[in-house]
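The values are calculated or read from the model by the stated rules, or taken from the named source; none is laboratory data. It should be emphasised that the depicted structure is a prediction, and the values quoted were computed from it without experimental measurement. Because the Cβ atoms are built from the backbone with ideal geometry, glycine has one as well, and the counts that use them run over all protein chains shown. All accessible areas refer to the heavy atoms of the entire protein, side chains included, with ligands and DNA or RNA removed. Shrake-Rupley method; radii C 1.70, N 1.55, O 1.52, S 1.80 Å.
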Amino acid sequence: MAPIDDVETYCDNGIWKSRWRNSIKPFAAGGGRERQVCQGATVAQWYGVDHIITNPDGTLAEHNSYRYLREHTANPA
């Protein structure tokens, strides 16, 4: 199984979108910045990965990690 990548929320031509970090195709788009930040954070929490939010100019706005959730909820050996 391939490793799970981080989630990125970004603005593309005035439309806020969320995608897996190294994907060119968003899994969610539209509804404004706050909606996409919420959707990106939810998916990052589900998968226990980081959520990176970039400003429209490409600079980093926020970087939130949910990796601890994956580490603390993993099935015991």
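The residue 4 and residue 60 beta-carbon pair, evaluated with R₀ = 25 Å, returns a calculated FRET efficiency of approximately 0.75.
Heavy-atom surface analysis with a 1.4 Å probe gives segment 7-64 a carbon and sulfur content of 49 percent of its accessible area. Per-residue extension of 0.36 nm, minus the Cα-Cα distance of residue 24 and residue 42, leaves a gain of 4.5 nm for this segment.
To the nearest 10, the accessible area of residue 8 is 20 Å² with a 1.4 Å probe.
Our estimate of slack between residue 13 and residue 50, defined as 0.36 nm per intervening residue step minus the Cα-Cα distance, is 10.9 nm.
Working with all protein chains in place, sort 35, 19, 67 by solvent-accessible area computed with a 1.4 Å probe, largest first. Walk me through the numbers before you get to the answer.
Working: 35 135, 19 50, 67 75 Å².
I get 35, 67, 19, largest accessible area first.
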